[in-house]
Amino acid sequence: MKVCVVGTGYVGLTTGVSLAFLGHDVTCVDLDERKVEMLRAGRSPIYEPHMEALLGEASERLSFTTDYADGVPDADVVFIAVQTPSLPDGNPDLRYLSGAAETVGQHISGDFTVVVNKSTVPIGSSNWVDSILREAFERSHGRRADGEFTVASNPEFLREGVAIFDSLYPDRIVVGSDHPRGLDVLHQLYRAVLNQTFTPPSFLPRPGEVGAVPMVSTDLASAELIKYAANAFLATKISFINEVGRLAGKVGADVTQVARGIGLDARIGPRFLEPGVGWGGSCFGKDTAALITTAEEYHHDMPIVRAAREVNRQQRSVVVDQLLGELRILKGRKIGVLGLAFKPDTDDLRDSPSVDIARQLISRGARVTLHDPVAGERFRAEQPDLAGQLADSIDEVFDDADAVVLVTKWDQYLELDWGKFAGIMRKPVLLDGRHCLDAARLERLGYRYLTTAG
Ligand code: UDX
């Protein structure tokens, strides 16, 4: 099939590259010339494992352009995957989406085009996109748009850092359309993933347990709500274990054991029960805020989702409180922070707990030294006022420090020579913000070991 993807952010690029790998002819459109140049040269503008390898494998069926006219006409499917950042009131900013829909509408000229909203959009947006497309089409073509296209929703569930894996081996594919032909086209488009009939890339073999992938076909509004409900549920699950974690700290229980004990109940499941500094990233904060705002428009309250957000906000301050409790005074203390990205295997700093924690510590007068194996360059560009706090090496983070906080669970931090580092700290205080280190071992090495639970 001929596919056009508008927007080459995490979602658009992963979608385009994966669909080309699966055998479709894909044109990716992005207005950012620098990005398009990089992609043409086979380089990924984002740090995402396997992205460049898959770009290489799919290159024959993949092109990049800044011009909608190169991709939209004749496409069977057009994905709109532009950014929808949060506005201060919690609503997503839909300017890019409406601009993209307008231009797509002007260029549609195929037999029948399915225009897919891949961006996370407020419930009801597909109808709004439909009307923008319709108007733009009728203005530029001078005829009615009936039967020319339909709008579908195909929410994305990929996780940064494992985005390629998630798009080739998803738990499910959700498509929403009020038009049977829209559902049918998307079913054809994803057939190789649904039936797992493609030959896996050598660097991402198909896991043994992956069988046929279920497709959930719904109306438009349900597909849009599924995306928000999934992210709100996962966010709530993390906040739940963090709330339990704080109680665990008070009663002398071990929250990781509690998480294991409840997660083995098949009704609960073990994933997204890792306690610590809480969630960050581009989705959970934004989507929970948008869900609450949408609900308000219907005079509907969502107290559980509100509470999940509040617990997550507090979780970051818990780190500061723990350090204050231990060191008594933060002013003038040297505190090292390991990890800036909101999670490992990405250089994404959006809503990163680490940046928040660092800023809180600085506002309390602490001297902060920051480190990340990958996100340093991006951090310098995005947080220039903190760039001077970046350490060149891990040694610098520990050297003469009063405490070190592990915030991002990068593999290389798990394998540090902790014994050596205890020796160069002023006080060997370690706050494990991800509950991922061996407490007994660190205590044997002389550390005062703290977590977000106590
Ligand atoms: C998320 C959703 O998982 C994905 O389906 C959606 O489409 C986009 O948002 P992502 O933001 O890439 O993906 O990261 P994810 O792996 O979900 O982690 C989100 C945050 O939660 C990270 O900061 C992570 O460290 C934190 N987290 C995750 C926990 O604190 N505990 C956990 O048990 C799991």
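The values are calculated or read from the model by the stated rules, or taken from the named source; none is laboratory data. On a predicted model such as this, the values are computed, not experimentally measured, just so you know. Virtual Cβ from ideal backbone geometry, glycine too; neighbours counted across all protein chains shown. Ligands, DNA and RNA are excluded from the accessible area calculation, which covers all protein heavy atoms including side chains. Shrake-Rupley method; radii C 1.70, N 1.55, O 1.52, S 1.80 Å.
Data overview
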quantity	calculated
Answer residue from the range 250-267, given it is surrounded by fewer than 17 Cβ atoms within 10 Å (Cβ to Cβ) and of a type in the set (A, V, I, L, M) and is nearest to the ligand (Cβ to nearest atom) among those	Ile262
Residue pairs meeting the criteria (Cβ under 7 Å; at least 6 apart or on separate chains; first basic (Lys, Arg), in the range 30-51; second in a loop (DSSP other than H, G, I, E, B))	Lys35/Thr8; Lys35/Pro45
Residue list for the range 278-288, restricted to those being within 7 Å of the ligand (Cβ to nearest atom) and either open to solvent by 20 Å² or more (accessible area, probe 1.4 Å) or of a type in the set (A, V, I, L, M, F, W, C) (or both)	Trp279, Ser282, Cys283, Phe284
Options Ile424, Ile362: the member that is surrounded by fewer than 17 Cβ atoms within 10 Å (Cβ to Cβ) and in contact with a strand residue (DSSP E or B) (Cβ under 6 Å, 6 or more places away or on another chain)	Ile362
Pairs where the first residue, in the range 131-143, is closer than 17 Å to Val72 by Cα and the second is aromatic (Phe, Trp, Tyr) and at pLDDT 95 or above, C-beta under 8 Å, 6+ apart	Leu133/Phe149; Phe137/Phe149
Test: Ile292 is away from the ligand (no atom under 16 Å from the Cβ) and closer than 14 Å to Ala235 by Cβ	yes
Elements of type helices (runs of 4 or more DSSP H) in the range 399-454, at least 2 residues being under 21 Å from Val368 (Cα atoms) and either in contact with an Asp or Glu (Cβ under 6 Å, 6 or more places away or on another chain) or assigned by TED's automatic domain parsing to the domain that holds Ile329 (or both)	411-414, 418-424
Close pairs from the range 231-249: first within 23 Å of Gln322 (Cα to Cα) and more than 10 Å from the ligand (Cβ to nearest atom), partner of a type in the set (Ser, Thr, Tyr) and outside any helix (DSSP H, G or I), Cβ under 9 Å, at least 6 apart	Gly245/Thr451; Gly245/Thr452; Arg246/Thr452; Gly249/Thr451; Gly249/Thr452
Subset of the range 326-359 [of a type outside the set (A, V, I, L, M, F, W, C), over 18 Å from Gln383 (Cβ atoms) and surrounded by fewer than 19 Cβ atoms within 10 Å (Cβ to Cβ)]	Glu326, Arg328, Lys331, Gly332
Top-ranked residue of the range 154-180 - restricted to ones that are more than 19 Å from the chain's Cα centre (by Cα) and surrounded by 15 or more Cβ atoms within 10 Å (Cβ to Cβ), ranked as nearest to Ala375 (Cα to Cα)	Val175
Residue check for His141: in contact with a Phe, Trp or Tyr (Cβ under 7 Å, 6 or more places away or on another chain) and more than 16 Å from the ligand (Cβ to nearest atom)	no
Residue among Pro275, Pro270 that alone is in a loop (DSSP other than H, G, I, E, B), more than 19 Å from the chain's Cα centre (by Cα), within 15 Å of the ligand (Cβ to nearest atom) and outside the structural domain of Asp356 (by TED's automatic domain parsing)	Pro270
The range 296-325: number of residues that are buried (at least 16 other Cβ atoms within 10 Å of the Cβ) and at pLDDT below 95	0
